[in-house]
């Protein structure tokens, strides 16, 4: 217990829990990770204790250990923000009795996690209904793709089932444009807004058409190829996924990343944040009806893409990360050119923002799509959505990674929680990013860019987080003998979309689309579509045609 | 191709596009948007429309099993079936080719479409990860028979 | 819109220098480089439709046969245009007759070895080498006896 060092609160918490579990308590402390083996009967009590200590619920992972241990393991991961410890509850269930009590009423954000685990691993959750989330409704029961016994050749059978798709009424499904890139470029997702007197009372949406089976593929590839796979989870925040995965491997195998590699990673992370925020801002202006702002910001964004190409070799999907460092060095002759481009970008950006914030179209955003602090904290939501509702969390500040401990920057916090606040948080983050980029480019230290002579450590668990443009991104890995045994990605939009019904209640149609866009949904990251079906009593459910949503009164 | 040459000439001044994302990471979709902006500078009017009024369909993404039914229904409604498959995912499945949840790109879906009796007039494949906007525009020109394909099969004896 | 000199375009293989070792096939994350084994030859096939332009094959080739370019125009309407093949003649094992390695790889290895080396060993496939080695050890220990054919 003295290994906890300065963690007084954590010490009290662990004592509290071990009293509850009894004398057979099995608690393992490994660095910053605390593993607690919990009987499934005690699960809800232990989680109540954790909630009382303000532990932040992060994610749930199901791990198929039927080949080596004959059991399945469920990991419930929490984080203590003050003292930076991960608390991981491990529940072991036997292969022939895959049942666990549900905790979705205690932690609202774990609702999707339980449905996903039920779809892909076949574990039953008692005390709730688990409708299909990820796989199509026509998928045969009893087949669980993420289990170790499932081989990827099963795809052949599924192709023959596609004939059934004709009868499912696919013509009635309307595709609503959602996505941070352009309102007319569709991401495959479906929204049904239940209206009463022209005011939204419920949201019904279906998706997960972008589910590509990332976690199953990672069990087949070598660990160095997975960083390329991680980059293509999302085309807008891909580099963050790649850095997060590499950091998790470096933590598990105890690799020391050289200083120059950390700076290069931070530079590209900030370039990616700029690309993403500019894209979102341009799109948001277009939706508000301010088309001049859309075109101006797109022109600035083009300069950032050229900067990214000079630094890494590609406009997007930089392909620079490997566990241990980066593959390609910065060209020192080009650093002066980079600084020129950044200064130009800053000048033009300041002019446009001053002009845009005075427009009447932007003023209409005030007071719509409100997410109060208590609701935001109960899911919890992450990223600019959380910071606009008063929650002061940013992984770059709380738990610095890469080169962020070397630079000082401000984290913008607003308390109104409406669409205007979410826009202002992102506008200020762009200013901070530009300043950080200038500092990093000026102060890159000399040295090697890749760690040499490290060895793979088998059977180790590691959890790492980064701050993507949309929020906190969590990667969980468990290393096998020579490859990854389990990889779980919790993207920020996964946590944010669950809070949408709260934000959309009471809005009219005009603001509904703006609110959905203001959480900056990245459906590819989320890789699923959730169906939140609230069919109340006496409501008239109507599906809105697409043009009604973009019509501005 | 069903259309004659003078019909394709009129398409070049105005192009109605139906865009469908079958599960891509959005990298290629943003580059398509960039390509459209360049094209607008060359006085071609581009509009995003529903399948009933579309001339061309742009497909990105590795054709996930869930999204396939939308593509099937949408292509059935198109009057003239000209298709551009953009990006490594749409051409050959990309890095997701052997996954339980994807079919492996538009070429694999073509076989299923042919089984159902749906005829496609012309398909153009544009590889890239992500694809460059200039390459997408070259793909459009190949679709309208204004240019020859950029690559050819090569075989060497080592 | 212009291309910088740092841009990662299509990697091209020089067929003269390629020895058919297969390193590029092992290291490709997307599976764009494939090996097709036929009766008397190996085909190293590059499918540009799946390539993610990461240039790992450029970094790993031991003969420096793959070079990076800045090409990015690849659009075509014909599916077969997306492939580039390099065909290698293969060599049969002198013991069991099974095809096991491209001819160029053996020639390349011969040029790098000292002249005192027993070059007949190069024509034996790994399985047969293991069996012959095990037989020799067993004979020297008196466990097995030499089978004079």
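Can you compute the helix-only [θ] at 222 nm over the protein assembly as shown? Use -39500 (n - 2.57) per DSSP H run of at least 4 residues, normalise by all residues, nearest 500 deg cm²/dmol.
-10500 deg cm²/dmol
Which of rounded, prolate, oblate describes segment C:1-69, given a ≥ b ≥ c as roots of the alpha-carbon gyration tensor eigenvalues and a/c under 1.5 marking rounded, otherwise prolate only if a/b is larger than b/c? List each step's numbers first, then the result.
Values: a/c = 2.28, a/b = 1.73, b/c = 1.32.
Because a/c hits 1.5 or more and a/b exceeds b/c, segment C:1-69 counts as prolate.
How many partner chain Cβ atoms sit within 10 Å of a residue's Cβ in peptide B:31-42, on average, as a whole number?
That average works out to 3.
Given the Cα-Cα distance of residue C:70 and residue C:12 and 0.36 nm per residue of separation, how much length would full extension add, in nm?
Extra length from residue C:70 to residue C:12 when fully extended: 19.8 nm.
Using only the alpha carbons of segment C:11-140, determine the length spanned along each of the three principal axes and report them from longest to shortest in whole angstroms.
63, 29, 23
In what sequence do C:85, B:29 fall when counting other Cβ within 10 Å, fewest first?
Values: C:85 16, B:29 26.
Fewest to most other Cβ atoms nearby, the residues stand as C:85, B:29.
In the protein assembly as shown, what percentage of the DSSP-assigned beta bridges are antiparallel, given to the nearest 5?
The antiparallel fraction comes to roughly 70 percent.
Where does each of C:118, A:224, A:520 land when they are ranked from fewest to most other beta-carbon atoms within 10 angstrom?
Starting with the residue having the fewest Cβ neighbours, the order is C:118, A:224, A:520.
Taking only C-alpha pairs under 8 Å that are 6+ residues apart, what is the relative contact order of segment A:2-158 in percent?
18 percent
Using only atoms on other chains, find how many Cβ atoms lie within 10 Å of each Cβ of peptide A:311-322 and report the average.
Across the residues of A:311-322, the mean count of other-chain Cβ atoms within 10 Å is 5.
Running a GNM on chain C with Cα contacts under 10 Å, which residue among C:11, C:126, C:62 ends up with the highest mean-square fluctuation?
Result: C:126 has the largest fluctuation of those listed.
In Å and whole numbers, how far do the C-alpha atoms of segment A:214-495 stretch along each principal axis, longest first?
Ordered largest first, segment A:214-495 gives principal extents of 60, 49, 31 Å.
In segment A:353-414, if every C-alpha pair distance is counted and binned at 5 Å from zero, what percent goes to each bin?
All Cα pairs considered, the percentages come to 3, 15, 19, 16, 17, 14, 11, 4, 0.
Could you give me the percent of Cα pairs per 10 Å distance bin for segment A:252-317, shortest bin first, beginning at zero and ending with the bin that holds the maximum distance?
20, 37, 25, 12, 5, 0
For a test of the definition: using alpha carbon positions, the gyration tensor, and the 1.5 limit on a/c, classify segment B:36-143 as rounded, prolate or oblate.
Oblate shape, in that a/c is at least 1.5 and b/c is the bigger or equal ratio.
For segment B:36-143, what's the relative contact order in percent, using C-alpha pairs closer than 8 Å and at least 6 residues apart?
27 percent
Could you work out the relative contact order of segment A:214-495, using alpha carbon pairs under 8 angstrom and six or more residues apart, expressed as a whole percent?
Relative contact order, segment A:214-495: 28 percent.
Tell me the Rg and the Dmax, in Å, that the Cα atoms of segment A:398-476 produce.
17.1, 51
For chain C, modelled as a GNM with alpha-carbon contacts under 10 angstrom, which of C:31, C:133, C:97 fluctuates the most?
C:133
How much of the DSSP beta bridge set in segment B:36-143 is antiparallel, as a percent to the nearest 5?
Working: 1 of 10 bridges.
Around 10 percent antiparallel, to the nearest 5.
What Kirkwood Rh does segment C:67-136 have if only Cα atoms enter the pairwise 1/r average? Answer in Å.
15.7 Å
Take every DSSP beta bridge with both residues inside segment A:2-158 and express the antiparallel ones as a percent of the total, to the nearest 5.
Here the share of antiparallel DSSP bridges comes out near 75 percent.
Computed over the Cα atoms of the protein assembly as shown, what is the ratio Rg over Rh, Rh following Kirkwood?
0.98
Order these peptides, A:391-404, A:133-146, by their mean beta-carbon neighbour count within 10 angstrom, highest first. Don't jump to the answer; show the numbers that get you there.
Values: A:391-404: 19.0, A:133-146: 16.8.
By packing density, highest mean first, the sequence is A:391-404, A:133-146.
Against the longest alpha carbon principal axis of chain C, how many degrees, from 0 to 90 and to the nearest 10, is the axis of helix C:126-140 turned?
Once rounded, the angle reads 20 degrees.
Averaged over its residues, how many other protein chain Cβ atoms are within 10 Å of peptide A:403-416's Cβ atoms?
Counting other chains' Cβ atoms within 10 Å and averaging over A:403-416 gives 0.
Please give the peptides A:459-471, A:293-305, A:406-418 ranked by average Cβ packing (other Cβ atoms within 10 Å per residue), highest first, as a rough proxy for protection.
A:459-471, A:293-305, A:406-418
By counting other Cβ atoms within 10 Å of each Cβ, how are C:140, A:25 ranked from fewest to most? Walk me through the intermediate numbers first.
On the way: C:140 9, A:25 14.
Fewest-to-most Cβ neighbours within 10 Å comes out as C:140, A:25.
Whole percent per 5 Å bin, from 0 to the bin with the longest distance: what is P(r) over all C-alpha pairs of segment A:19-112?
3, 12, 23, 26, 21, 11, 3, 1, 0
Values quoted throughout were computed directly from the atomic coordinates according to the rules given, and no laboratory measurement underlies them. In this text, all values refer to a predicted model and were calculated from it rather than measured experimentally. Note: ideal-geometry Cβ built from the backbone for every residue, glycine included; neighbour counts use all protein chains shown.
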